[in-house]
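**Q** Okay, here's the structure, questions in a sec.
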Amino acid sequence: MSYRNIGVDLGVTAKHKAQVLDEQGKKIVPNFSFHISKENLDALCQKALEGASQGTKLRFICEPTEMSWFPLTIYAKSNDHEIIRIKSHKAHDLRKYFARHKKDDKLDANVLSVMPMIDEKATEEIYLPDAKTFALERCNRQKEKITNDIAAIKNRLSSLYHWVMPGLLDCFECHFDSRAREFYRHFTNPFRAK
């Protein structure tokens, strides 16, 4: 089965840029700029398949850019196209090789479209979980972020108490249990507490 690679440089606020290459790396159509919509993606797919043999599959290739990859993935999966993402550091290294000290959206789309031919291990197929699993993953990421923020605040407070009131934290079995928090809330002024 033959493939047409569509490298898509996803823009968060700007238009997305796409480049279509065949399996030998030959450019099929001129670079394509578009906003995500079914009509624009249908047009891109139609251009990409011009002159292709029967059974040619489309392979969308992108970097995970915020949530811009999600609508593209939904479209690709629902139309039986393959969608893969490139590890960001590998795309960065190849981009650097192609053009030093120069950032160009056309170059990004080109790098993405040739990556499967250069380093197949740098690619991974995007897996779309069902809605409940996806919601659970997002909740877990949010919980982890909140947990890290709380730990950072506790570390800052502990440092401050060690500096202002040495030995204060040793008075409590758990430095941030309910008794300790009540004490900090009402008596952390060093002139009011001994």
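**Q** Out of the residues in the range 44-65 that are outside any helix (DSSP H, G or I) and polar (S, T, N, Q), which is nearest to LYS15 (Cα to Cα)?
**A** If we take residues in the range 44-65 being outside any helix (DSSP H, G or I) and polar (S, T, N, Q), then THR65 is nearest to LYS15 (Cα to Cα).
**Q** Looking only at the range 37-69, filter to residues that are charged (D, E, K, R) and modelled with pLDDT of 85 or more; which one of those is farthest from the chain's Cα centre (by Cα)?
**A** Looking at residues that are charged (D, E, K, R) and modelled with pLDDT of 85 or more, I get LYS47.
**Q** Also, quick follow-up: Take the residues of the range 1-23 that are farther than 15 Å from HIS81 by Cα and not in a strand (DSSP E or B): which is modelled with the highest pLDDT?
**A** Per the stated criteria, the residue is LYS15.
**Q** Next question. Taking helices (runs of 4 or more DSSP H) that fall entirely within the range 70-174, which contain at least 3 residues that are touching a Phe, Trp or Tyr at 6+ places or on another chain (Cβ under 9 Å) and modelled with pLDDT under 75?
**A** Helices (runs of 4 or more DSSP H) meeting the threshold: 105-118.
**Q** Please tell me if GLU66 is surrounded by fewer than 21 Cβ atoms within 10 Å (Cβ to Cβ), closer than 28 Å to ARG138 by Cβ and in contact (Cβ under 8 Å) with a residue 40 or more places away in the chain.
**A** Values: surrounded by fewer than 21 Cβ atoms within 10 Å (Cβ to Cβ): yes; closer than 28 Å to ARG138 by Cβ: yes; in contact (Cβ under 8 Å) with a residue 40 or more places away in the chain: yes.
When the stated conditions are applied, GLU66 passes them.
**Q** Let me ask something else about it. Of all residues being part of a loop (DSSP other than H, G, I, E, B) and closer than 19 Å to ILE150 by Cβ in the range 175-189, which is farthest from the chain's Cα centre (by Cα)? Just the residue, please.
**A** So the residue we want is THR188.
**Q** Report, ordered by the first and then the second residue, all pairs with beta carbons closer than 7 Å, sequence separation of six or more or different chains, a first member in the range 41-60 that is on the phi < 0 side of the Ramachandran plot, and a second member that is among the small types (Gly, Ala, Ser).
**A** Going by the 7 Å Cβ cut-off, the qualifying pairs are LEU44/ALA18; SER53/SER2; THR56/SER2; LEU58/ALA48; PHE60/ALA76.
The values are calculated or read from the model by the stated rules, or taken from the named source; none is laboratory data. In this text, all values refer to a predicted model and were calculated from it rather than measured experimentally. Heads up, the Cβs are rebuilt from the backbone with ideal geometry, glycines too, and the neighbour counts pull from every protein chain shown.
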